Each structure stands twice: as C-alpha cells, then as structure tokens.
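Shown next, in structure tokens, is the structure this report addresses.
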C-alpha cells in the first residue's frame, strides 16, 4: 500500500506557467515533508521541505502548500523554466524517526519553451 | 560541501551471482542509507545505519546484506542476483536527528543477464 501518493504521474506546462504537483499521505504521524528533484542520471536532491506545523513554505519560485486536516500538500513551481524539467518526489517522515523517508512514485515535469 | 561516491557506476551481473556495491561519503555524516529505485516505483529503503557497525533493516531488506565498516563507508551486497534485479541503487547520508536533509549519490545501475 502506497503511504505517499503523488499526482499527476506526468505533467507538461509551457514556459512561464505555474506547475502544480500534488501529494497526499496516509499516516497522520508524518510530520516532515521534503520534495526532491531528480534529473536523469543523477541522484535526487532536496528542493524544499515543510514541517506539519506550517501551512506554507516559500523558496524563490517554489512554494509548498500544506493541509494537515486533509493530509494533502502541493508543490507550486511559478514561472516554470525548461531547466525545471525533471522528476519530483514527495517524501514523508514520522516524528522522531531518524532517516526513514517514505517516497511517493514521483511526478515527471516537462516544461515546453 | 561534501560528496557521496558510489562504485561502480554500472554493474552487470549474472543470475545467482553475489554482487557488492560500495559507497563513500565525506560529509562526516552519522547516518547512511541504501535505497532502490525502480522505474515507476519510486525509492524504497533497503538498509540504513545510524553509526559505524550499526545496521537497521528497511522495507526491502530481503535478498540483501549491508556492512558499515567505518563512518564514511557503507556497502550493500546482493546475495543472489535475480533476473528482475534491474534497478538503480542509491546511497545517501545525513546527520543524526529528525528533519535533517538527506543527500544522495548518483547511483549504481545494476543489470542482471
């Protein structure tokens, strides 16, 4: 059973648009939610993260919106650029559970120039 | 900054063979991990280690052994390669504690013939 779900599986947007990537989870004990960006042939790299005590986290063009009651979060990529084309993984960790990140299956984003 | 080095980058093995993947990190991180990435299946935790000589099983440990010989290195052994063992194995590390960033290597791509 997938504990962290992502949608859509793939997404295509035009350069300059806002891409919205969705994530939901099952376990209410999860309290830390990082998003990782992965380019082909590379390992995932941390893009932005949020703790469950917050409902929004911004870092430049990247914003996480978090709804604890509905167990949903989303990553918004504003002014999308072709260089943002990559696979994005939502992950989750239980409070106090050192290291054990649970990953979703990923969303592959393509930004068309 | 630091780096995680995985060797080899590509590994071709025969069905039934015992295969070893190696990982070195120079972050001086306490915790190290092995994840398996299959196409369309996200990342799944095989083993992790919170300190030298410590080993903890992840969700996918059956068919694998691991060894944390020293703080900077963590190796993974596929005990008997199977035809469906075609995946990317990702090594990662982090400092101890919750909500800390996990850094990934570039992966070892395993093909079993």
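Descriptive notes on the structure:
- Computed over the range B:4-112, relative contact order equals 36 percent, with contacts defined as Cα pairs under 8 Å that lie 6+ residues apart.
- Enclosing the Cα atoms of the range B:4-112 in their convex hull gives a volume equal to 90 cubic angstrom per residue.
- Part-to-part distance (alpha-carbon centres) for the range A:58-106 and the range B:67-86, which is given in Å: 29
- Build a GNM of chain B with springs between Cα atoms under 10 Å apart, and of B:71, B:41, B:57 the one that fluctuates most is B:41.
- Mean projected area (nm²) of the alpha-carbon convex hull when the protein assembly as shown is viewed from all directions: 12.2
- For peptide B:35-46, the mean count of partner chain Cβ atoms within 10 Å of a residue's Cβ comes to 4.
- Overall dimensions of chain A, expressed as equivalent-ellipsoid semi-axes from the Cα gyration tensor (√(5λ), whole Å, largest first), are 23, 15, 12.
- Peptide A:83-96 - average C-beta neighbours from other chains (10 Å radius): 1
Read the figures in this text as sums done on the coordinates, not as results from a lab. The structure presented is a predicted model; accordingly, all values stated were derived computationally and were not measured. Cβ: placed from backbone, ideal geometry, glycine included. Neighbour counts: every protein chain shown.
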